[in-house]
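Colleague: The structure under discussion is supplied below as structure tokens; questions concerning it will follow.
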Amino acid sequence: MPDLTGSTELVVDIELLSPDRLVRYLARPLEARTTTALAEALIQMATEPYPEQTVPTVQDDTAGLAVLVKGSTKADVHLEFLVLHDLEADLPDHDGISFETPRQSLVDMAHQLEEWQR
């Protein structure tokens with residue numbers, strides 16, 4: 001979690017990690033509402049039977065970040081995270097990662113985001 005003491009701007013590092021690669025997008029500005037929206041969306045993803053139909057994409061244009069639901073089963077949710085390579089580019093190009101995660105993990109992640117906001 002970033003250290004926000006003494007800062008009025010929320011800045012985060014976005015890291016995409018898979019078994020074969022690691023990509024970091026450092027010091028991305030993040031809108032304060034994004035953490036709240038993401039925590040709420042994660043709870044919805046964990047509890048709704050078909051979150052791919054009901055949970056809207058959480059998008060932060062300032063950070064060039066989008067989180068969306070690609071599909072789900074009774075136990076898991078298939079998420080996709082998209083990050084713009086360069087926030088200043090004329091032609092946007094994105095990087096991304098998608099994976100399945102247990103619904104319980106989404107609840108845990110939402111609670112971690114809520115604690116971070118305090």
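What follows draws every value from the coordinates through simple rules; no lab data is involved. As the structure is a computational prediction, the values presented were derived from the model and not from experiment. Glycine gets a Cβ as well: all are built from the backbone with ideal geometry, and neighbour counts include every protein chain shown.
Colleague: Rounded, prolate or oblate: pick one for the stretch 40-99, where a ≥ b ≥ c are the square roots of the eigenvalues of its C-alpha gyration tensor, a/c under 1.5 means rounded, and failing that, prolate if a/b is larger than b/c, else oblate. Please list the in-between numbers first.
Modeller: Values: a/c = 3.46, a/b = 2.30, b/c = 1.50.
Since a/c reaches 1.5 and a/b is larger than b/c, the shape of the stretch 40-99 is classed as prolate.
Colleague: Under 10 Å, Cα contacts only: if you run a Gaussian network model on the chain, which one of 84, 22, 38 comes out with the highest mean-square fluctuation?
Modeller: Comparing 84, 22, 38 in a Gaussian network model of the chain, the most mobile one is 22.
Colleague: Helix 32-47 sits at what angle to the longest principal axis of the chain, using alpha carbons and giving 0 to 90 degrees rounded to 10?
Modeller: Rounded to the nearest ten degrees, it is 20.
Colleague: Counting only other residues whose beta carbon sits under 11 Å from that of residue 103, what net charge do I get with K and R as +1, D and E as -1? Walk me through the numbers before you get to the answer.
Modeller: On the way: positive: 74; negative: 48, 76, 100, 108.
Cβ neighbours under 11 Å give a net charge of -3.
Colleague: Roughly how many nanometres apart are two label points built 7 Å out from the Cα toward the Cβ at residue 100 and residue 15?
Modeller: Output for this residue pair reads 2.6 nm.
Colleague: Give me the percent of Cα-Cα pairs in the chain that sit more than 24 Å apart, rounded to a whole number.
Modeller: Working: 1862 of 6903 pairs.
Above the 24 Å cut-off, the chain has 27 percent of its Cα pairs.
Colleague: Right, here's the next one. Given points 7 Å out from each Cα along the Cα-Cβ axis, report the residue 48 to residue 73 separation in nanometres with one decimal.
Modeller: Using points 7 Å along Cα→Cβ, the separation is 2.1 nm.
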